[in-house]
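Following: one structure in structure tokens, then a few remarks.
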Amino acid sequence: MRYRKYLLPFSMVFVSLVSAGCASTVGRFYSGPEQPSGKITVIKNNSMIRDIMDRGVVISSVDGAKVGLSTYAIEVLPGPHTLGVQCSFRVDPTMLGGPFEPTTTNVRKSQLRQYPASFDVRVEAGHVYQPQVFLRPDQTCKVWLVDVTGR
């Protein structure tokens, strides 16, 4: 093959470009110059829900501004904010939409359901938060932030 000498360099460039496009990012959701870590708040985002149970919450917006799919951390100034989230749960249709339980649910027949929600929070400077979620029996989700500073 006369093009063989181009195959390796081309494949390296292709892999580099694909890897760069899939990189995780930190989203800065405040205006003005970059602030030191002690003056901002970091909210960890579950950018992809990977566990077998598919339970989780992904932050989709901050004060109305969209959060990218690859954003693993969100930086905001301290104070009140409104977070838009997407709650995900695997449910068993044979249990009338009950929550997925790994010991009793047939994973092959279960379905992933997503529930949009939003909630208001007040965050402090220098702190790191992680969203937590609970699926209520009425198929709505309750979301809150847990302070994980120092963990």
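The values are calculated or read from the model by the stated rules, or taken from the named source; none is laboratory data. Bear in mind the structure is a predicted one, so any value in this text is a computation, not a measurement. Note that we place each Cβ from the backbone using ideal geometry, even for glycine, and neighbour counts take in every protein chain shown.
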Notebook entry, point to check: Which pairs do you get when a residue that is under 22 Å from Cys141 (Cβ atoms), found in the stretch 74-88, comes within reach of a residue that is assigned to a strand (DSSP E or B) and of a type in the set (Lys, Arg), reach meaning Cβ atoms under 6 angstrom, with the pair 6+ apart or on two chains?
Noted result: Pro80/Arg122
Next item on the list: Among residues belonging to the stretch 38-54 that are within 24 Å of Thr149 (Cβ to Cβ), at pLDDT below 90 and surrounded by 12 or more Cβ atoms within 10 Å (Cβ to Cβ), point out the one that is farthest from the chain's Cα centre (by Cα).
Entry: Ile49
Check: Can we say Arg90 is buried (at least 17 other Cβ atoms within 10 Å of the Cβ), of a type in the set (Lys, Arg) and either at pLDDT below 80 or assigned to a loop (DSSP other than H, G, I, E, B) (or both)?
Finding: yes
Margin query: Against the definition (more than 17 Å from Gln130 (Cβ to Cβ), at pLDDT 60 or above and of a type outside the set (Val, Ile, Thr)), how does Asp63 come out, yes or no?
Written below: yes
Checklist line | Pairs, first at pLDDT below 90 and among the aromatic types (Phe, Trp, Tyr) in the stretch 122-135, second part of a strand (DSSP E or B) and surrounded by 15 or more Cβ atoms within 10 Å (Cβ to Cβ), C-beta under 7 Å, six or more apart | finding: Phe134/Cys141
